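The values are calculated or read from the model by the stated rules, or taken from the named source; none is laboratory data. Source: prediction; values computed, not measured. Here the Cβ positions follow ideal geometry from the backbone for every residue, glycine too, while neighbour counts run over all protein chains shown. Only protein heavy atoms, including side chains, enter the accessible area calculation; ligands, DNA and RNA are left aside. Shrake-Rupley method; radii C 1.70, N 1.55, O 1.52, S 1.80 Å.
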Amino acid sequence: MMPNMGNKDQGFTANNYSHLPGEDELGESLRWLIRLRWIALACIFPAIWAGGFLFRLTLPQRDLYLVGLGILLYNISFFIHHNRISQLPPGDAARRWTRFAGQQIYVDWFGLTVFIHLTGGIESPVLIYFLFHAVIASLVLPSRAAYLRPTIAFFMVGSIALLEYLLILKHVNLRGFAGEENFRNPTYILGTLFFFASALYVITYLSTSIMMKLRKRTRSLITVQEELRESAQRIETLYALTKNITSTLDLGEVMELITKNTAQLMRVKGCSVRLLDKDGERLELRGAYGLSREYLDKGEVLVGRSLLDAKEGQTVAIFDVATDPRMQYPAEAREEKIFSMLGVPLMMKDAVIGVLRIHTNRLHEFTPAEKRFFSAIAGCVSIAVTNALAYQRVVELDEARSKLMLTVSHELRAPVSAIQGMLKLLLEGYLGELSEKQREIIGRAHARTESFITMINDLLDLGSNYLDRTGKDPETDTSLAECLRKVVDLFMAKAGEKKILIFTNLTEGRYTIKEQEGDMEKLFTNLVSNALKYTPPGGKITISTSEGEEYLRIVITDTGIGIPADDLPHIFEEFYRALNARKSGREGTGLGLPVVKNIVERYAGRIDVDSRLDEGTKITVDFPWRKVTKSG
Ligand code: ATP
Ligand code: MG
């Protein structure tokens, strides 16, 4: 049986008590027997009456009624006793049922024997009713006990025949029904007893063999049912585990979830995950549950001396950690009250990447089914670990890229600024008069360095956003409407030059956001500058704020050149510029929108772009109410 699966409360303890199918049914069979007795009683009383009055048989009516009454009384007491046993816990009840079944059958057989004596002894027609009792005994009792009953019946009936023959017991003569002196005829007695006994044994044999077959079949059905239930539970466990461990990509969290879930779902003492180090020599602890810090810090776990057969990738089961030579730290394990252990390799493609260990707090022999099940768990764990490792690598790469971006732009800014300064000196004539041509060329070079410096600043912004600023608490309360107005004012002169109208529909001063100073200004500057840059003269820009159920919405619409559908999915990528923007001769680096996106995400917001080529662009920014405070 799988540990913990069959019995919810026991974990890795052996489940000693199990119902035999017969015991399970015994209570039910005995209830049926009591019911049969009510029916028999309903027939007995009219039969006694009919025997005496209808058939005029010389029967000891009073004694027979007394026997009937006796059966009635003991059936009532059986009925009460049966109800009492039914209330007991299953283990206790099972033992009582067996005893109760024996008692009932003895009492019945004794009653029937008395009845037979009162209806003619060896000549009684009721003798044949023992066959019913033999069948009932075979149905209710274990097979060996069933064979004992016919033997007892044979002796009881034989004794009555003998006692009546010897005239020690008074014989009831069924005058008009049986031969008057048969009870004194040894041949008749022996013949009847022989056929009586053989019929009893044959019927017992037939019915017990049918019952044995039935019981065997029931038992195998129960086994199949149990196996099915265990499989279903195993699948459920695996499902729960997979669902939990794929809920995050953070390696630390994944490890915590794996070890905790495995230990709790499988109800074992503890669980740990170790991954191979770069050299493949040591197993480094990555997560554990249910084990003490001292035990986990016991020392280096070497691949050569650990549970894991790294080269083979085999599951290793250790029955007793204290004596098994494969244990690297047997004394420490014993002190931690670990008794048995299972090490299942974690595989990535065909290579071993680590080991999942299961620790039990009692001696436990892991069955092949358990090993298979833990291997399946290890399969899920491997996938989760692989994903988390890959994600961690992506995060590290992203960080490295941002660092490179910061370093390069930082190193570039100083020399470019120096060049710009020198060009300015030249332009302003400090180094002598310039010709018209020279002034024009140096002027263009100066303008180029200007946009170069803007790009470097954008790169620095992006790099620092990716690295340093994330995680820092925003501390400045900024009014979104005021910020937007400030940005619009900045662009008013340029808009005037291009004959572009800017309309604003802002809900003044009502919304504030806690920000890192400058974030919102940078965000809106980028969006408004794009709208202005990509809108031809005579166009229109509208800026508005509105309240949604969950978000505060800021919308910036223009009637500009629009973004081709093919470019739309890429415009938030660094350095990406749409084809029409590039062709239009408008200057740009393609770093504005990545900065915008980064800021929006840091404030848990979202950004959406809706654009039609040559018609215009609509940018929607939503900030959730938990980030924006509404006042007034
Ligand atoms: P930078 O902002 O770095 O000076 P840029 O404006 O080209 O350069 P982004 O702001 O990142 O770069 O925008 C990326 C691209 O998205 C632009 O090159 C342009 O193709 C497209 N785009 C952005 N806003 C608009 C807009 N309002 N109308 C049309 N196209 C736009
Ligand atoms: Mg831009």
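Checked against (1) of a type in the set (Lys, Arg); (2) surrounded by fewer than 18 Cβ atoms within 10 Å (Cβ to Cβ); (3) assigned to a strand (DSSP E or B), LYS371 meets all criteria but (3). Inspection of the stretch 407-416 identifies at least one residue that is under 29 Å from ILE556 (Cβ atoms) and surrounded by 13 or more Cβ atoms within 10 Å (Cβ to Cβ).
Scanning the stretch 356-385 for residues that are at pLDDT 90 or above and in contact with a Lys or Arg (Cβ under 9 Å, 6 or more places away or on another chain) yields LEU356, ARG357, ILE358, HIS359, THR360, ASN361, ARG362. In the condition set (1) open to solvent by 50 Å² or more (accessible area, probe 1.4 Å); (2) under 19 Å from ALA378 (Cβ atoms), LEU251 is compliant with all but (1). Return the residue satisfying two criteria in turn: it lies in the stretch 595-608 and is open to solvent by 20 Å² or more (accessible area, probe 1.4 Å) and away from ligand 1 (no atom under 11 Å from the Cβ), and of such residues it is farthest from SER529 (Cα to Cα). So the residue we want is ALA604.
Only one entry of SER611, SER546 meets the criterion of being away from ligand 2 (no atom under 16 Å from the Cβ), open to solvent by less than 60 Å² (accessible area, probe 1.4 Å), in contact with a strand residue (DSSP E or B) (Cβ under 7 Å, 6 or more places away or on another chain) and among the polar types (S, T, N, Q), and that entry is SER546. Cβ-Cβ distances below 8 Å connect the following pairs, each with a first residue in the stretch 531-542 that is at negative phi, a second residue that is within 12 Å of ligand 1 (Cβ to nearest atom) and open to solvent by 60 Å² or more (accessible area, probe 1.4 Å), and a separation of six or more residues or different chains: THR535/THR559; GLY539/THR559; LYS540/THR559; ILE541/THR559. Taking the criterion of being over 13 Å from MET211 (Cα atoms) and crowded, with 20+ Cβ neighbours inside 10 Å, the residues of the stretch 135-162 that qualify are ARG149, PRO150, ALA153, VAL157, ILE160, ALA161. Scanning the stretch 535-551 for residues that are farther than 14 Å from LEU480 by Cβ, of a type outside the set (S, T, N, Q) and in a strand (DSSP E or B), we see that the one that is nearest to ligand 1 (Cβ to nearest atom) is ILE541. Quick check, is ILE554 more than 9 Å from ligand 1 (Cβ to nearest atom), at pLDDT 95 or above, under 20 Å from TYR603 (Cα atoms) and open to solvent by less than 30 Å² (accessible area, probe 1.4 Å)? Taking the combined requirement at face value, the residue satisfies it. Restricting the stretch 577-594 to residues that are modelled with pLDDT of 90 or more, within 6 Å of ligand 1 (Cβ to nearest atom) and assigned to a loop (DSSP other than H, G, I, E, B), the residue that is least open to solvent (accessible area, probe 1.4 Å) is ALA578. Sort out which residues of the stretch 614-627 are more than 23 Å from ALA565 (Cβ to Cβ) and open to solvent by 50 Å² or more (accessible area, probe 1.4 Å), and write them in order of number. If the condition is that a residue be more than 23 Å from ALA565 (Cβ to Cβ) and open to solvent by 50 Å² or more (accessible area, probe 1.4 Å), then TRP625, ARG626, LYS627 are the ones that fit.
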